[in-house]
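A.B. asks: Just passing along the structure, written as structure tokens.
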Amino acid sequence: RTGRAKDALALIEGRFESSGRDAGGWVTILWALAAKALSFRIAGRGGDLTRMASGEYRLAVQLNDPYGRAQAACALGWVALARGQLETAVSRFREAATEDGAAMFLDSRVESLSGLAEALAISGDADAASAAADDARREAERQNDATASSLIASAWATAAEGALSEALSQLDTAAARAQAGGQSAMEMMALHATVRLGSGHAAARLAALRDLVEGELVDVISDHGAALAAAAPAEVGAALDRVSERFAGMSLELYAAEASAQASHHHRLAGNERRSVASAARAHFLIAGHDGPRPTALTLALSPPGLTRREHEVARLAMRGLSSQAIATKLSLSVRTIETHLARVYFKLGISGRGELAAALQLEAAVAAGSQMEAG
């Protein structure tokens with residue numbers, strides 16, 4: 001959790017072999033497997049994580065070991081999530097959290113429920129994501145778990161509801177808690193979520209984390225944050241295209257697709273429609289054939305081009321049935337400001353009121369995606 005992935009792997013390697021799973025070494029092996037999985041994950045070594053977790057899952061099934069199965073299922077959930085395989089990720093996390101109560105052991109239930117909340121949120125299922133995030137928070141409190149995992153999960157659930165400003169604030173809180181506890185890897189994950197949601201405000205801190213977290217992943221995440229913090233849209237778009245290529249090279253297709261979708265948005269702002277179409281097509285291609293709906297971050301980045309980020313945020317909250325007063329309270333704005341934003345949204349989308357928001361937003365996104373794919 002401090003980010004010393006290489007040191008953790010060196011400590012584990014050769015000491016705790018799965019074949020030695022017996023009454024005396026069982027607990028130690030489970031802890032070692034959890035640490036090894038996290039080390040691979042924070043270093044961006046998805047291939048190694050997949051091989052280890054798949055092997056451990058098969059062994060756990062053979063040995064009728066519910067605890068090992070829960071640990072391995074959780075690890076496979078994170079693999080599937082990073083690749084954009086959302087339905088598989090949800091299934092794996094659910095299995096890990098409910099496997100005969102096995103995940104109650106150690107702190108893996110917090111990780112499983114946090115992963116489940118994130119996967120559901122990215123799938124767009126805000127209500128289920130919120131319920132899973134609440135479960136993760138309660139489990140973290142019960143176990144006195146000081147990691148930022150449950151806070152990150154809550155932030156993703158908030159983002160799925162459409163309250164992006166609140167989600168970014170929650171992620172900043174999670175990052176600050178992780179930093180205060182010296183958990184640099186968890187801080188990286190929290191700040192990475194802010195970048196995936198389109199904010200470059202944490203670029204400086206992510207650059208500093210290069211010296212604290214081991215592995216290639218932190219370098220790419222840092223470059224992602226730096227790209228979004230650049231001033232010129234054309235420069236941002238080109239940098240995001242490069243980030244996408246690097247994520248794809250690490251088999252992190254979801255992150256790659258999100259970066260490509262953001263690149264498309266900034267190319268469009270720069271007036272380069274051809275590059276915008278190419279980046280959007282790449283975003284769709286990266287997760288083509290993967291199960292589940294289009295991820296939340298892609299929906300945000302490829303939202304109707306006429307809407308500003310704040311207008312889109314207000315529209316999504318209104319679409320979920322929140323009153324203008326409730327939206328104003330959630331976003332710390334006046335009711336009059338919310339009504340002004342909504343009026344502009346209605347005008348830009350050519351609709352007359354809230355009842356038409358869902359259909360209009362879905363139609364605009366579908367038309368944009370369709371034209372981009374056709375041009376691609």
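The values are calculated or read from the model by the stated rules, or taken from the named source; none is laboratory data. Keep in mind it's a predicted model, so treat the numbers as computed, not measured. Using ideal geometry, Cβ is built from the backbone for each residue, glycine included, and neighbour counts are taken over all protein chains shown. In case anyone asks, the SASA skips ligands and DNA or RNA and just uses the protein heavy atoms, side chains included. Shrake-Rupley method; radii C 1.70, N 1.55, O 1.52, S 1.80 Å.
A.B. asks: With everything on Cα atoms, drop me the angle between helix 233-249 and the longest principal axis of the chain, reported from 0 to 90° to the nearest 10.
C.D. replies: 30 degrees
A.B. asks: Here's something else I'd like to know. What ranking do 349-355, 59-65 get when scored by the average of other Cβ atoms within 10 Å per residue, highest first? Working shown, then result.
C.D. replies: Values: 349-355: 12.7, 59-65: 14.3.
Ranked from most to least packed, the peptides come out as 59-65, 349-355.
A.B. asks: Just the C-alpha atoms of the stretch 223-357: what Rg/Rh do they give, with Rh taken as the Kirkwood radius?
C.D. replies: Details: Rg = 16.6 Å, Rh = 16.0 Å.
That ratio is 1.03, to two decimals.
A.B. asks: Give the ranking of SER54, SER91 by solvent-accessible surface, highest area first, calculated with a 1.4 Å probe.
C.D. replies: Details: SER54 35, SER91 70 Å².
The ordering from most to least exposed comes out as SER91, SER54.
A.B. asks: Straight-line reach from LYS330: which lysines fall under 29 Å, measuring Cα to Cα and dropping same-chain residues less than 8 apart?
C.D. replies: Those lysines meeting the cut-off are LYS348.
A.B. asks: Compute the whole-percent fraction of alpha carbon pairs in the stretch 70-217 spaced more than 22 Å apart. Present the calculation step by step, with values, prior to reporting the outcome.
C.D. replies: Values: 3838 of 10878 pairs.
Cα-Cα pairs in the stretch 70-217 separated by more than 22 Å: 35 percent.
A.B. asks: Turning to a different aspect of this structure: If R0 is 51 Å, what FRET efficiency do you get for GLU273 and SER334 from their C-beta distance, rounded to 0.05?
C.D. replies: Working: r = 36 Å, r/R0 = 0.72.
That pair, GLU273 with SER334, gives E of 0.90.
A.B. asks: While we're here: Please list GLU235, GLU311, GLU111 from largest to smallest accessible area, probe radius 1.4 Å, with all protein chains kept in place.
C.D. replies: Result, largest first: GLU235, GLU111, GLU311.
A.B. asks: Considering only ARG196, ARG246, ARG320, give the residue with the highest GNM mean-square fluctuation for the chain, with springs between Cα atoms whenever their separation is below 10 Å.
C.D. replies: ARG320
A.B. asks: Given the peptides 268-275, 70-77, arrange them by the average over their residues of other C-beta atoms within 10 Å, most packed first.
C.D. replies: Details: 268-275: 15.1, 70-77: 27.6.
The peptides rank, most packed first, as 70-77, 268-275.
A.B. asks: Then there's this: Quantify how much of the Cα-Cα distance distribution of the stretch 194-240 extends past 15 Å, in percent.
C.D. replies: Here the long-distance tail beyond 15 Å is 39 percent of all Cα pairs in the stretch 194-240.
A.B. asks: Here's a follow-up. Measuring from label point to label point, each 7 Å out along Cα→Cβ, what is the ASP127 to ILE351 span in nm?
C.D. replies: Here the answer is 1.9 nm between the modelled labels.
A.B. asks: Show that you can apply the helix-only estimate: for the chain, add -39,500 (n - 2.57) for every DSSP H stretch of four or more residues, divide by all residues, and state [θ] at 222 nm to the nearest 500. Show your work: numbers first, answer last.
C.D. replies: Details: 20 runs with 276 residues, N = 376.
For the chain, the value works out to -23500 deg cm²/dmol.
A.B. asks: Rounded to whole Å and sorted largest first, list the principal axis extents of the Cα atoms in the stretch 209-277.
C.D. replies: Extents along the principal axes: 38, 25, 12 Å.
A.B. asks: If you don't mind, there's one more thing I want to ask. Quick one, can you get me the convex hull of the C-alpha atoms of the chain expressed as volume per residue in Å³?
C.D. replies: Once divided by residue count, the hull of the chain is 131 Å³.
A.B. asks: Once the convex hull of the C-alpha atoms of the stretch 161-210 is built, how many Å³ does it hold per residue, rounded to a whole number?
C.D. replies: Numbers: hull volume 3.3 nm³, N = 50.
Spelled out: Cα convex hull of the stretch 161-210, divided by residues, is 67 Å³.
A.B. asks: How high is the relative contact order of the chain, in percent, counting Cα pairs under 8 Å that sit 6 or more residues apart? Show your work: numbers first, answer last.
C.D. replies: Numbers: 613 pairs, mean separation 52.5, N = 376.
Normalised by residue count, the contact order of the chain is 14 percent.
A.B. asks: Let me ask you something else. Report in % the part of the accessible area of the stretch 179-338 that belongs to carbon and sulfur, leaving out ligands and nucleic acids; probe 1.4 Å.
C.D. replies: Numbers: 3160 of 6080 Å².
Carbon with sulfur: 52 percent of the solvent-accessible area.
A.B. asks: At a Cα cut-off below 23 Å, give the lysines reachable from LYS36, other chains included and same-chain residues fewer than 8 away excluded.
C.D. replies: Counting by Cα, and skipping residues close in sequence, LYS36 has these lysines nearby: LYS6.
A.B. asks: Using a probe radius of 1.4 Å on heavy atoms only, what accessible surface per residue do you get for the chain? Whole Å² is fine. Working shown, then result.
C.D. replies: On the way: 15640 Å² over 376 residues.
Computed with neighbouring chains in place, this is 42 Å² per residue.
A.B. asks: Once both labels are modelled 7 Å past Cα along the beta-carbon direction, what's the ASP219-ASN64 spacing in nm?
C.D. replies: 4.8 nm
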